[in-house]
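The values are calculated or read from the model by the stated rules, or taken from the named source; none is laboratory data. It should be emphasised that the depicted structure is a prediction, and the values quoted were computed from it without experimental measurement. A quick note on method: Cβ atoms are made from the backbone with ideal geometry, for glycine too, and the neighbour counts reach across all protein chains shown. Side chains are part of the model used for accessible areas, which takes the heavy atoms of the whole protein and leaves out ligands, DNA and RNA. Shrake-Rupley method; radii C 1.70, N 1.55, O 1.52, S 1.80 Å.
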Amino acid sequence: MDVKRIRQDFPILNRKIDGQPIIYFDNACMTLKPRQVIDAMNDYYCNFSACAGRSIHKLGTIVTIRYDEAREKIRKFINAKESREIIFSKNTTEGINLLARTLQLKKGDIVLTTDREHNSNLLPWHIQKELRGINHKVVESKEDNTFDLGRFENLMSNKVKLVSMVHASNLDGYTIPADEIIKTAHDYGALVLLDGAQSASRVSIDVQKLDVDFFAFSIHKMLGPTGIGVLYGKYHLLKDLEPFMVGGDTVEKSTYTSHNLLDVPEKFEAGLQNYAGAIGAGAAADYIMKIGKDKIGEYIFKLNSYISSEIKDIPGIVIIGPADPVLRGGIISFNIENYEPHDIAMFLDDANIMVRSGVFCVHSWFNARNIKGAVRVSLYVYNTIDECRILIEKIKEFIS
Ligand code: ALA
């Protein structure tokens, strides 16, 4: 993988702030965008910025074709069986909320999550508890912060209707053993939803092989634009769900008193859509597939191993999550004893090193452990060993 070449695709990496280059380590929040994605979106705005699926004129036809092509690219990206199983949403959060609102869970039904869910896969179940009386249960991790299959199996029963779990954690980068979890859940007749916000960009996803029922992800974390995400669902499941939003382009016909809904995916995509976003999403998927997710995964693991091995023994540093970087993907979350995470992040920002600090929308995990927050370095394909070296020096400088 030619990282030097890849970096040339990202205009923002040429940018200097206060005369210094930027070192961007906030990829779990938002990745940067390559020229190919920006060009694909500009192409829409400059050359065919009309409505898809409605107008039969030439521009309308082009955007309809491009929107369909984008859906097909995303299908390939996760190896879904059919492109109608790909619903464009606003982001992972919307995909999960769509399911929480439409799955028709009943009083006493159990939804199982991990103990490190992003608020987007926690609050929807709190609300379902209030609205419908479901039970939400949490599978506690092992001491070393890895998934506890034994505890999970003990919590499984035929009352569990949905296992909704973060595939790769934005807290510590840990990826759950999805194959085993899905198999066990299905043995009990439960459906499985994976929050793929962090995994889609770096783990090869084959939804058919995984046999996962629903998979939600955000395009802004995989080199694409903001405001566009994907909810994958098996067709036979999606077809029976009621949409939670209806309106333009969701109906075949309507009278003053009745309507017939269209099939999937249209019935879940009410109103004018984010066409530029979807087209940008297709370009982002193409870009990642061209490099190859296995190569990306291996590369960010190499960077993670380097940073982890250099900082783990520095007195005062506590790394969050499993000790072995191979289990933490592209994330190193850490604390320095007696210092505030935001102060560390501000110190790094003075050198244009951009990390995230705080609780990363996983308040529940931090609150349960009485930890105020952490500093998170999250890596992606354009980061370099040199950037990691500068980061390590700055962390040492902060401590000294
Ligand atoms: N979930 C995003 C993050 O972890 C916002 O930064």
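Would you mind checking which residues have amide H under 5 Å from SER199's amide H? H placed 1.01 Å from N; only 5 or more apart, or other chain.
Under 5 Å from the amide H of SER199 lie the amide H atoms of ALA168, each far enough along the sequence or on another chain.
Answer rounded, prolate or oblate for segment 159-247, using the Cα gyration tensor with square roots of eigenvalues a ≥ b ≥ c: rounded when a/c is under 1.5, else prolate when a/b is larger than b/c, else oblate.
Oblate shape, in that a/c is at least 1.5 and b/c is the bigger or equal ratio.
Can you list residues from other chains, or at least 5 along the same chain, whose modelled amide H is less than 5 Å from the amide H of ARG356?
Residues meeting the criterion, in which the H sits 1.01 Å from N, are ARG376, SER378.
Show SER49, SER357 ordered by accessible area, largest first, where the area counts protein heavy atoms only and the probe is 1.4 Å. Present the calculation step by step, with values, prior to reporting the outcome.
Details: SER49 70, SER357 25 Å².
Result of the area sort, largest leading: SER49, SER357.
Calculate, in whole percent, how much of the Cα-Cα pair population of segment 41-163 lies beyond 22 Å. Display every interim value, and only then the final one.
Working: 4197 of 7503 pairs.
Result for the distance tail: 56 percent.
For segment 77-195, what is the relative contact order in percent, using Cα pairs closer than 8 Å and at least 6 residues apart in sequence?
On the way: 163 pairs, mean separation 29.7, N = 119.
Relative contact order for segment 77-195 comes out at 25 percent.
Using alpha carbon centroids, what distance separates segment 250-311 and segment 188-226, in Å?
9
May I ask you to list the lysines whose Cα is less than 21 Å away from that of LYS137, ignoring any residue fewer than eight positions away on the same chain?
By straight Cα distance, LYS137 reaches LYS106, LYS107, LYS129, LYS159, LYS161, LYS183.
From the backbone phi of segment 155-170, what are the Karplus-calculated ³J(HN,Hα) couplings (6.51 cos²θ - 1.76 cosθ + 1.60, θ = phi - 60°) in whole Hz, Gly and Pro given as x?
Taking θ as phi minus 60°, the curve returns 7, 6, 7, 6, 7, 6, 9, 8, 9, 10, 9, 6, 5, 10, 6, 7 Hz for segment 155-170.
Looking at segment 100-134, which trypsin sites (Lys or Arg not before Pro) are in a loop (DSSP not H, G, I, E or B) and have at most 13 other Cβ atoms within 10 Å? Write out the running numbers ahead of the final one.
Numbers: sites: ARG101, LYS106, LYS107, ARG116, LYS129, ARG132; in loops: LYS106, LYS107, ARG116.
Filter output for segment 100-134: LYS106, LYS107.
If one computes the Cα centroid of segment 332-400 and of segment 1-72, what distance in Å separates the two points?
Value for the Cα centre distance between the two parts: 28 Å.
Pull out a ≥ b ≥ c, the square roots of the eigenvalues of the alpha-carbon gyration tensor of the chain, then state rounded if a/c is under 1.5, prolate if not and a/b is larger than b/c, and oblate in the remaining case.
Numbers: a/c = 2.09, a/b = 1.24, b/c = 1.69.
It comes out oblate by the Cα gyration axes.
Under the Karplus relation 6.51 cos²θ - 1.76 cosθ + 1.60, θ = phi - 60°, what is the ordered set of whole-Hz ³J(HN,Hα) values for segment 328-338, x standing for Gly and Pro?
Whole-Hz 3J(HN,Hα) from phi for segment 328-338: 10, x, x, 10, 10, 9, 8, 10, 10, 3, 6.
With every atom except the alpha carbons ignored, what do you get for Rg and Dmax of segment 70-109, in angstroms?
13.0, 40
Just in segment 178-251: which trypsin sites (Lys or Arg not before Pro) are loop by DSSP and have at most 14 other Cβ atoms within 10 Å?
Numbers: sites: LYS183, ARG202, LYS209, LYS221, LYS234, LYS239; in loops: ARG202, LYS234, LYS239.
Here the trypsin sites (Lys or Arg not before Pro) that fit, given the DSSP loop and packing criteria, are LYS239.
Can you send over the carbon and sulfur percentage of the accessible area for segment 122-214, probe radius 1.4 Å, protein chains only?
On the way: 1750 of 3820 Å².
Carbon plus sulfur share of accessible area: 46 percent.
If I take all pairs of Cα atoms in segment 284-341, what percentage of them are more than 18 Å from each other?
Working: 722 of 1653 pairs.
Tail fraction, whole percent: 44.
No solvent, one uniform scatterer per C-alpha: report log10 I(q)/I(0) for segment 325-387 via the Debye equation at q = 0.12, 0.15 1/Å, two decimals.
At q = 0.12, 0.15 Å⁻¹ the computed log10 ratios are -0.33, -0.51.
For segment 133-146, in order, what is each residue's ³J(HN,Hα) by Karplus, 6.51 cos²θ - 1.76 cosθ + 1.60 with θ = phi - 60°, in whole Hz (x at glycine and Pro)?
x, 6, 9, 10, 10, 10, 8, 5, 6, 6, 3, 8, 6, 9
Quick one: order GLU130, GLU143 from most to least accessible surface, probe 1.4 Å. Don't skip to the end; give the middle numbers.
On the way: GLU130 145, GLU143 190 Å².
My answer, sorted largest first, is GLU143, GLU130.
Leaving out ligands and nucleic acids, and using a 1.4 Å probe, what accessible area per residue does the chain come to in Å²? Don't skip to the answer; put the middle values down first.
On the way: 17840 Å² over 400 residues.
Here the residues of the chain average 45 Å² of exposed surface.
I need the helices of the chain that pass two filters: whole DSSP H segments spanning 30 Å or more by Cα along the axis, and mean Kyte-Doolittle score no lower than -1.0.
58-78
For segment 22-91, give the percent of accessible area contributed by carbon and sulfur heavy atoms, probe 1.4 Å, rounded to a whole number. Could the numbers behind the result be given before it?
Working: 1830 of 3330 Å².
With neighbouring chains kept in place, the figure for segment 22-91 is 55 percent.
So for the chain, taking the charge dipole from beta-carbon charges (+1 Lys/Arg, -1 Asp/Glu), which of PRO177, LEU303, ALA284 sits furthest toward the positive end?
Selected residue: ALA284.
I need two numbers for segment 185-333: Rg to one decimal and Dmax as a whole number, Cα atoms only, in Å.
20.2, 71
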